[in-house]
Amino acid sequence: MIGLPDIWISIAYIVLILTIGLWVGVRHRRGTADAGGTAREYFLAGKTLRWPAIGLALFATNISTVHLVSLAQSGFDTGLLNGDFEWMAALTLILLALFFVPFYMTSGVSTLPDFLERRYDSASRDWLVGVSLVSAVVIHIAFSMLAGGIVLRTLFGIDLYTSVIVISLITAVYTIIGGLKAVVVTESIQTIVLIVGAFLISAASWNRMGGWHAMTAVLHAQGQHNRLSMLRPAGDPSGMPWYAVFLGYPVLGIWYWCADQTIVQRVLGARDEQHARVGPLFCGFIKILPVFIFVLPGLFAYTLAATGRLDVSSLHGDSKGIYTLMITQLLPSGLVGVLVAALLSGLMGQVSGALNSISTLISYDLYKRYRPSATDRQLVRAGRVSALVALVFSLLLLPLLNRYESIFNGLNDIIAHIAPPITCVFLLGIFWSGATPRSAKLTLWIGSALGVLAYAVGKLCPSSFIGHVPFMMMAFYLFIICVALQLTFSLALPAPPAPGSAAPRTTAPAPEPLYWRSPLDPLRRPGWRGLGNYKFLSLALLLVMTLLFWLFK
């Protein structure tokens with residue numbers, strides 16, 4: 001439980017975010033109402049976003065209460081290992097900026113299923129719509145609400161579902177009314193609050209422990225120095241040796257960062273290709289921070305508990321609440337309210353981003369397809385209704401998802417079984433001209449079925465061979481199977497010539513054809529001069545990440 005001053009600080013933050021979101025959304029709609037672009041303005045912010053807002057919004061949509069709670073838990077349990085997910089994301093964002101962004105921007109698509117239809121066919125589009133909706137509801141909304149509910153229940157003593165419902169409804173108000181512009185502006189604010197709050201708890205744990213050397217001394221004394229390693233050897237009990245990280249994460253990361261509507265929609269709202277490319281790279285540099293401000297505090301908590309400076313008896317062996325414990329024991333009154341505001345910002349940012357993406361998918365990929373004469377006003381209304389329905393459905397999933405011991409591992413376990421066929425179809429579709437519509441459709445269907453089967457067997461029969469395969473390696477194995485399937489189907493089954501050269505259904509220009517003739521083609525496109533050039537930034541980010549992995553190997 002926290003004191004009254006901290007409660008008022010948290011309430012003031014919620015009111016502030018609600019006011020800003022409503023003001024920005026209403027003001028933006030009024031300013032563009034006469035331009036005839038109502039739906040475009042609502043879903044893609046009128047394509048006016050600049051690279052700082054895109055980078056911050058990408059970070060805010062990815063980083064949520066799930067990360068603050070679960071990465072601190074992982075730091076407490078296994079050390080810096082799960083920081084691999086954060087730093088590998090930076091490498092994936094380089095791929096997004098270099099190879100995927102040019103396609104998305106020049107084709108003029110509003111959703112990624114729309115892009116997939118232009119490259120393949122409507123069947124592939126429909127399947128991706130379904131998967132995108134499921135992932136947005138389960139991964140981006142339900143898990144975030146669960147983590148936020150656990151924190152709020154611990155801090156305020158409010159029932160889990162009551163606290164989640166209240167915060168979700170507040171988020172839905174400014175998201176549904178304001179559209180993407182309101183989402184991006186509030187996400188940018190919330191990202192700053194999130195980082196500041198995380199720095200506060202990091203500094204508090206650092207000071208209580210006495211610094212880095214004091215922490216490492218405790219780890220060496222207990223024979224736990226491997227907790228500082230992010231690249232573990234083969235046979236590591238965590239199930240994440242170094243090769244699993246480099247083989248498995250790209251499968252998850254390419255789907256999440258390059259082919260997931262909730263994430264890529266921030267890029268689709270960019271004012272031009274240069275802003276769309278630099279925005280993800282800016283986010284890649286920000287992704288360096290989570291290891292130090294999300295994971296490392298958990299490791300400090302482990303050494304604090306080992307030396308008797310942090311009382312963890314109330315956890316009763318369940319480390320899921322370690323971050324909340326650190327807030328209440330390490331911070332003075334007043335700062336506790338700031339950190340609670342940071343947790344709320346993560347929850348609201350994740351939910352708002354996913355709700356807007358669901359609105360876009362439903363309106364453009366379902367409603368407009370079956371009602372092509374629908375007006376912009378009708379599209380916006382359909383999006384708002386669908387967002388509200390998705391929110392309610394996410395709340396219903398909370399009891400099921402709460403069964404996972406680790407929220408972060410549970411989230412990535414689900415992604416590992418969803419991502420492989422989508423990553424395969426996008427990669428081969430962009431880099432191989434021989435990928436056919438029929439091969440994509442069959443790969444998506446069979447690959448998804450195999451993912452569901454592997455997930456079910458692993459959970460129902462944990463002692464089986466499949467049950468013993470770590471989820472990162474499972475993602476890699478499923479991806480290899482999907483690549484073999486699409487290659488085989490493309491070569492064995494006849495297909496119409498030039499699958500990407502058909503005229504698009506809309507008036508927006510599309511590249512001809514919709515695949516790179518050479519992997520070097522996207523690198524030949526012009527960029528800004530000087531330090532803002534996307535090629536320079538990509539190389540700089542790659543070198544920085546290589547150095548960091550070497551230092552923490």
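The values are calculated or read from the model by the stated rules, or taken from the named source; none is laboratory data. Since this is a predicted model, take the numbers as computed values, not measurements. When we count neighbours, we look across all protein chains shown, and the Cβ atoms used for this are built from the backbone with ideal geometry, even at glycine. Heavy atoms of the whole protein, side chains included, go into the accessibility calculation; ligands, DNA and RNA do not. Shrake-Rupley method; radii C 1.70, N 1.55, O 1.52, S 1.80 Å.
So the values come out like this:
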| quantity | calculated |
| --- | --- |
| Three-way shape call for the range 345-404 based on the alpha-carbon gyration tensor, with the a/c threshold at 1.5 | prolate |
| Alpha carbon centroid spacing (whole Å) that separates the range 110-157 from the range 279-334 | 27 |
| D (Stokes-Einstein, µm²/s), Kirkwood Cα radius, the range 340-451, 0.890 mPa s at 25 °C | 144 |
| For the range 358-474: relative contact order, % (alpha-carbon pairs under 8 angstrom, 6 or more apart) | 21 |
| Options Ser238, Val193, Phe536, ranked by Cα towards positive dipole end of the chain, top entry (Cβ charges) | Phe536 |
| Accessible area expressed per residue, the chain, with surrounding protein chains retained (probe 1.4 Å, Å²) | 38 |
| Magnitude of the charge dipole, the chain, Cβ model with Lys/Arg +1 and Asp/Glu -1, debye to 20 | 1140 |
| Set Lys287/Lys320; Lys441/Lys535; Lys287/Lys368; Lys368/Lys441; Lys459/Lys553 screened for pairs whose C-alpha atoms are more than 27 Å apart | Lys441/Lys535; Lys287/Lys368; Lys459/Lys553 |
| Stretchable slack from Leu551 to Ile192, in nm (0.36 nm times residue separation minus alpha-carbon distance) | 126.5 nm |
| Percent RCO, i.e. relative contact order, over the chain, from Cα pairs under 8 Å lying at least 6 residues apart | 30 |
| Options Val351, Ile415, Leu400, ranked by Cα towards positive dipole end of the range 279-434, top entry (Cβ charges) | Val351 |
| Full-stretch length increase - Ala214, Ile446 - with 0.36 nm per residue and alpha-carbon distance subtracted | 78.3 nm |
| Unit charges at the beta carbon, dipole of the chain: most positive-side option, Val312, Trp127, Met215 | Trp127 |
| Accessible surface of the range 269-403 [probe 1.4 Å, protein heavy atoms]: carbon and sulfur percent | 60 |
| Efficiency of FRET between Thr488 and Asp521 - r from beta-carbon atoms, R0 41 angstrom, step 0.05 | 0.95 |
| Free-standing Cys residues across the chain, given no other cysteine C-beta under 4.7 angstrom | Cys258, Cys283, Cys461 |
| Potential extension, Asp311-Ser238 segment - 0.36 nm per residue separation minus Cα distance | 23.7 nm |
| Value of [θ]222 nm, deg cm²/dmol, for the chain, DSSP H segments ≥ 4, -39500 (n - 2.57) each, nearest 500 | -22500 deg cm²/dmol |
